Amino acid sequence: MANSFGIDIGTQNLKVFSGSNNQITNIKNTIAIVNKNQMYSYGDSAYSMYEKAPETINVSFPIVSGVIADFDNMQTLLFQVLENDLKGKIKGSDIVVAVPTDITEVEKKAFADLFSKSKNKPHSIRVCEKPIASAIGLGLDVSEPTGVMVVDLGADTTEISVISLGGLVLSELLPFGGNQIDESIVTYLKRNFNLVIGQKTAKQLKEEIGSALEGRGEKLTVVGRDVVSGLPIEMEIESDTIYNAIKTDLENFCTNVKLILEKVPPELAKDIVHSGIYLTGGTSQLYQLTDLFAEVTNIKVNAFEEPQESCVRGLGAVLSDPKYKVYGYSMKNRIFK
């Protein structure tokens, strides 16, 4: 399908599958606004301004905790990417948008409304449950009568789902993600080292020397502000320091995963033990997270390359493969709760 798009709108990143060339575009889901309503920049260039922009420029993330918090700016950003960056035509196109499962029908409808409430109306707008799209993108056959557990670790939320026969047997959305880990690093360094750093530096520490288990043994030098003197200071941070900062977050998260595993029906639990837990989402790339999961659950954990793109790959299959077309549905004529 040439004029078609699969769109995964995440808190941190916007991923778009284009049916015209089967390519995936992955940019920061960030927009910079001046004069309250005029777009200054978007995507990666807007993200580079985050924590650096003057008061006249407002850098924001239109998605908060998996749902649309700023409809107008999200629509503006999305249309810029599709029409300007990808040279696509929204009018007459076929669109599939991924939506989190554990949100209200009205919140799901808002994702479809990004297109239905625009001047250039697509030919069709369908939504697809994010866990199912992720499972398809990981190469799993979701239509089989086999239990599959997908854990999608995003920036603001984590969605834990059990899928069987093309439907969701169990799904839970936790208010835990990469942003919470970054905040824990910021708080820990301020409290224990009198060092004030920004969210971006915390993210860099997490990605470069962070670990879900103790003993990585790496160091990184960062620049922050000394709480006592108020002056900029350079400090070398060890990976075990980052581990101690995020340890409590990871323990709470593992507890939630175990609680959900306890709710899984026995026959499906047998399938999950056999096939393992599938980790996806950008935060799943935290060093040794798969080892921690396997240690806590006694179940093997499957990790993949480019896990943050598994959902959008699945949306591409929903668009192009007749076998998976059924997993995209229209929000029209649905009863809203």
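Once the Cβ-Cβ distance between Gln23 and Phe304 is put in as r, and R0 is 22 Å, what FRET efficiency do you end up with, to the nearest 0.05? That gives a FRET efficiency of 0.70. Mean separation of Cα pairs under 8 Å and 6 or more residues apart, divided by the residue count, gives the range 158-202 a relative contact order of 26 percent. Looking at the chain alone, DSSP beta bridges between its own residues are antiparallel in about 75 percent of cases. Per residue, the average separation of C-alpha pairs within less than 8 Å and at least 6 apart gives the range 34-150 a relative contact order of 19 percent. Here the label points at Glu51 and Asp113, each 7 Å from Cα along the C-beta direction, are separated by 3.3 nm in the simple model. Treating cross-link reach as a plain straight distance, find the lysines whose alpha-carbon is under 28 Å from the alpha-carbon of Lys323, omitting any fewer than eight places away in the same chain. Hits, sequence-local ones excluded: Lys15, Lys89, Lys91, Lys108, Lys109, Lys121, Lys130, Lys270, Lys332.
Carbon and sulfur together cover what percent of the accessible area of the chain at a 1.4 Å probe radius?
Numbers: 7540 of 15700 Å².
Exposed carbon and sulfur together represent 48 percent of the surface.
Near the amide H of Ser211, within less than 5 Å, lie the amide hydrogens of Tyr243, all on another chain or at least 5 residues away, with H placed in the peptide plane.
Sequence gap at least 6, Cα distance under 8 Å: using those rules, report the relative contact order of the range 68-224 to the nearest whole percent. Could you put the intermediate results ahead of the total?
Values: 208 pairs, mean separation 21.4, N = 157.
Reported as a whole number, the value is 14 percent.
Accessible area per residue for the chain in Å², computed with a 1.4 Å probe and the full protein assembly in place, what is it?
Result: 47 Å² of accessible area for each residue.
Between the range 1-71 and the range 80-104, the alpha-carbon centres lie 12 Å apart. Residues of the range 149-177 falling in the label zone of Asp321, defined by backbone nitrogen less than 16 Å from a point 7 Å along Cα to beta-carbon, are 164-167. Estimated purely from DSSP H runs of n ≥ 4, each contributing -39500 (n - 2.57), the mean residue ellipticity at 222 nm for the chain is -10500 deg cm²/dmol once divided by its residues. Of Asn244, Asn58, Asn35, the residue with the greatest mean-square motion in the GNM of the chain, using alpha carbon springs below 10 Å, is Asn35. Annotation: lysines with alpha-carbon distance below 19 angstrom to Lys190 (same-chain offsets under eight excluded): Lys200, Lys203, Lys206, Lys219, Lys247.
Taking R0 as 30 Å, what FRET efficiency do you get between Met235 and Glu295 from their Cβ-Cβ distance, rounded to the nearest 0.05?
0.45
The values are calculated or read from the model by the stated rules, or taken from the named source; none is laboratory data. Please read all numbers here as calculations on a predicted model, not as lab measurements. Backbone-built Cβ (ideal geometry, glycine too); neighbour counts: all protein chains shown. Only protein heavy atoms, including side chains, enter the accessible area calculation; ligands, DNA and RNA are left aside. Shrake-Rupley method; radii C 1.70, N 1.55, O 1.52, S 1.80 Å.
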